[in-house]
Amino acid sequence: MRKRFSIRHLFLIPVVMFGFGYLMVPIYNVFCDITGLNGKTGRISSQQVEQLDIDEQRQVKVEFDSVLNRQAPWDFDPEVNSMMVSPGKTYQTNYIATNQLDKAMVGQAVPSVAPAKAAAYFNKTECFCFNRQQFEANEQKRMPLVFVVDPGLPEDVSTVTLSYTFFDVNSKIN
Amino acid sequence: MNAQATDLYHDDHDHHGPPPGLWRWVVTTNHKDIGTLYLWFSLIMFFIGGAMALVIRTELFQPGLQVVDPHFFNQMTTLHALVMIFGVVMPAFVGLANWMLPMMVGAPDMALPRMNNWSFWILPFGFGLMLSTLFMEGGGPSAGWTLYPPLSLQTGDALPFLIFSIHLLGVSSIMGAINIIATIMNLRAPGMTFMKMPLFVWTWFITAYLLIAVMPVLAGAVTMMLTDKYFGTSFFNAAGGGDPVMFQHIFWFFGHPEVYILILPSFGLVSEIIPTFSRKKLFGYSSMVYATASIAFLSFIVWAHHMFTVGMPLAGELFFMFTTMLIAVPTGVKVFNWVSTMWKGAMTFETPMLFALGFVIMFTIGGFSGLMLAMTPIDFQYHDTYFVVAHFHYVLVPGAIFGIIAGVYYWLPKWTGNYYDETLGKVHFWLSTIFVNILFFPMHFVGLAGMPRRIPDYSVQFTDFNQIATIGAFGFGFAQILFLVLIVKCIRGGEKATDQVWEGAEGLEWTVASPPPYHTFSPQPIVK
């Protein structure tokens, strides 16, 4: 008599694979974080910034872009369109957003960096995108952004574009 | 009732036919009954999905919006795909497996007969849920069968119905697959070693593993979508830190093995049929088995070739391009083996053989266009055009579906005890083959010229080829009515079939009577 194959083990496979589907979410995020795919930018503490070597010789152009997700009722623009930066040095700039509605709103900015290979070298110590932004009716806000370009940025990258998409997240909260 | 009494009753039951009346079909645990149910279900869904395709082709007969509004058109493209994949091809394969697999390995029935009944009867309810969305306010799902968010999250009340129906279909096919694995593992007749199993059994064995591995991943993806829409999670919502592209990765991690689920059993069917009508043993049996296993393995590492244009690093694109092209190697092994089987064989061209030959030739056309799509730089041009539509319809219609039809013709005399009308079968084959090419071949051209898929309107320069395709669609669709007529005729009577049915047929299923008794192989046969 052949040894019987247990069917119970078979039922485990779909259960494990259902879990694997969910496991792909953190795997995907970690993978994108490490590779900088999807333009996901990094976060850095001020202590870490001090350890970076400043490369005064090199000038990199950082461009600022703003996108409003469909129907988001804001005016949303960068204060300056671009700036020349030295890798390793900390810079500050602002984005300005105005709530166009007569009621309080909550928004969330999501950053993205192009080209993708620069994303891993673009770090922020402070960013309005770290938190949801509360707006009173018709309120205008200057939202700060403090960033540093890592000196390890590949040599062939001379322009980095930082784009923020602003989302209306009221429905998420209510 | 104690256990002994149950056994006594069961023994008694074994020597009789099925209980009378329609209730038999609801409570049956007999693999032949359930196979029949699956096959009829699949045929009915084939006509429903086909009617949807004809709505699409009618609208596309002329540029501009003529017959249906764009929203309904999009519902048709979405549901046509879902019905054909989950309602036609997969149930047809499970139906063929139910009918033939126990007979081919010398088992008395499937290993888990009650679960078998359940996995069939979930299907009508799953599709009831899915098709009921057509009558809802806001209509059915219309974001394409791939359900990419954020677009699919704009679906109205249909979305939860669609998601629950996908859950049900997933449960059904997982149970069906487990049943098949259990049958093959435990119920093979003495002497039926793995490397003696018929290839249809082998391909289904591998397909069943693919099914239990990837259907749950799809269930997970649609569940994430459900919680995104109704419970405030943000798996695919960028505003909440999620990523819509991630859905595409999870979906195609399911989706690519799924396309092999839709073709591997057809490979098996053709590998049964060609040796029979060539009156030769299958050439390269073991290489066929290893090729099937390699295709199944590769299917897990090529998924992102469906999404070359989302923005991947060069290394990723190269990896997915080369692994995809690698699949051509085991597939080529199969095609050459089929051709070598026919080489110097004493061939005859009965209808099953004609469909199998049509499969080999036209599936290869679809395979080649797949190779073209595998090349990343070229894919940027072809992505989301009718070239892609032409490609996957070539592998699915004259591929998977022709394989199924060939299998039905091959075993129909065994199931019914009567030979089908050979002339009608040949007419069915030639009409199908001619019209399927009129239908899908022009799509290559409009695709290369840049016509996008899933669009109810198009530029006037595409009109001629679209009109040709629409004529082909109606021809192909109506030719399938012949198939229905032929099956009904064959069930009602005809020339009595012998046990062996075909002169060159070999295997356990041909040792039982035609039609087979309700219970076969109660004492298991011994394979030498």
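List of remarks:
- If you plug the beta carbon distance of B:GLN500 and B:PHE125 into 1/(1 + (r/R0)^6) with R0 = 35 Å, you get a FRET efficiency near 0.30.
- Computed [θ] at 222 nm, helices only, for the protein assembly as shown once each DSSP H run of length n ≥ 4 contributes -39500 (n - 2.57): -18500 deg cm²/dmol
- For the pair B:VAL27 and B:THR309 in one chain, pulling the backbone fully straight at 0.36 nm per residue adds 96.6 nm over the alpha carbon distance.
- Interchain or long-range residues, amide H under 5 Å from A:GLU126's placed H: A:VAL146
- Cα centroid separation - region B:148-168 against region A:109-130, whole Å: 33 Å
- Partners for B:LYS426 among lysines (Cα-Cα distance below 16 Å; same-chain residues under 8 apart left out): B:LYS489
- The amide H of A:SER82, built 1.01 Å from its N in the peptide plane, has A:PHE64 as neighbours under 5 Å, considering only residues 5 or more places off or on other chains.
- The trypsin sites (Lys or Arg not before Pro) of region B:250-356 that meet both conditions, a loop assignment by DSSP and at most 12 other Cβ atoms within 10 Å of the site Cβ, are B:LYS281, B:LYS344.
- Cα-based Kirkwood hydrodynamic radius, the protein assembly as shown, one decimal, Å: 28.0 Å
- q = 0.06, 0.07, 0.10, 0.11 Å⁻¹, chain B: log10 I(q)/I(0) [Debye, one scatterer per Cα]: -0.28, -0.39, -0.81, -0.98
- Net charge over other residues, Cβ less than 15 angstrom from the Cβ of B:GLY504 (K, R count +1; D, E count -1): -1
- Residues whose amide H comes within less than 5 Å of that of A:VAL67, counting only those at least five positions distant or on another chain, are A:TYR164, A:THR165, A:PHE166 (H built at 1.01 Å from N in the peptide plane).
- If you wrap region B:107-163 in the convex hull of its Cα atoms and look at it from every side, the mean projected area works out to 5.2 nm².
- Qualifying lysines (Cα of each under 18 Å from Cα of B:LYS528; at least 8 residues distant if same chain): B:LYS196, B:LYS281
- Residues in region B:185-229 that a label on A:TYR22 would reach, taking backbone N under 19 Å of a point 7 Å out along Cα→Cβ: B:213-229
- Simple spin-label estimate for A:GLN48 and A:SER6 in nanometres, 7 Å along Cα-Cβ: 4.6 nm
- With q set to 0.17, 0.19 Å⁻¹, the log10 of I(q)/I(0) for region A:38-170, from the Debye formula over equal scatterers at the Cα positions, is -0.85, -1.02.
- Taking every C-alpha pair closer than 8 Å and separated by at least 6 residues, the mean separation divided by the residue count of region A:38-170 gives a relative contact order of 37 percent.
- Cβ neighbours within 10 Å from other chains - mean over A:125-138: 0
- For a straight C-alpha distance cut-off of 30 angstrom, the lysines reachable from A:LYS61 (same-chain residues fewer than eight places away being disregarded) are A:LYS40, A:LYS89, A:LYS117, A:LYS124, A:LYS141.
- Neighbouring partner chain Cβ atoms per residue of B:177-188, average, 10 Å criterion: 3
- Proxy reagent accessibility, fewest Cβ within 10 Å first, across B:TYR209, B:TYR394: B:TYR209, B:TYR394
- The HN-Hα couplings worked out from phi for region B:219-235 by the Karplus form 6.51 cos²θ - 1.76 cosθ + 1.60 (θ = phi - 60°) are 4, x, 4, 6, 5, 4, 5, 4, 6, 4, 7, 10, 10, x, 6, 9, 4 Hz, whole numbers, x standing for Gly and Pro.
- When both region B:369-446 and region B:226-269 are represented by their alpha-carbon centers, they are found 26 Å apart.
- Footprinting exposure proxy ranking of B:PHE300, B:PHE462, B:PHE277, B:PHE194, fewest other C-beta atoms within 10 angstrom first, gives B:PHE194, B:PHE300, B:PHE462, B:PHE277.
- Cα shape, region B:42-134, gyration tensor, a/c 1.5 rule: prolate
- Computed Rg/Rh of region B:204-258, alpha carbon atoms with Kirkwood Rh: 1.10
- The HN-Hα couplings worked out from phi for region B:482-495 by the Karplus form 6.51 cos²θ - 1.76 cosθ + 1.60 (θ = phi - 60°) are 4, 4, 4, 4, 4, 5, 4, 4, 5, 5, 7, x, x, 4 Hz, whole numbers, x standing for Gly and Pro.
- Simple spin-label estimate for B:ARG114 and B:MET347 gives 5.0 nm between the two label positions (7 Å along the Cα-to-Cβ direction from each Cα).
- Entry note, chain B: relative contact order of 18 percent, from Cα contacts under 8 Å with a spacing of 6+ residues.
- Exposure proxy order (Cβ contacts within 10 Å, fewest to most) of B:PHE47, B:PHE283: B:PHE47, B:PHE283
- In order through region B:283-299: 3J(HN,Hα) via Karplus (6.51 cos²θ - 1.76 cosθ + 1.60), integer Hz, x for Gly, Pro: 6, x, 3, 5, 5, 4, 5, 5, 5, 4, 5, 5, 4, 4, 5, 4, 4
- Within the shell defined by Cβ-Cβ distances under 14 Å, the residues around B:MET307 carry a net charge of -4, with Lys and Arg each +1 and Asp and Glu each -1.
- Counted charge near A:ASP75, where neighbours are those whose Cβ lies closer than 12 Å (Asp, Glu -1; Lys, Arg +1): -1
- Nitroxide proxy distance, nm - points 7 Å out along Cα→Cβ at B:THR193 and A:THR98: 8.3 nm
Every read-out reported here was derived from the displayed coordinates using simple, explicitly stated rules and does not represent laboratory data. Not measured: the values here are computed from a predicted model. Using ideal geometry, Cβ is built from the backbone for each residue, glycine included, and neighbour counts are taken over all protein chains shown.
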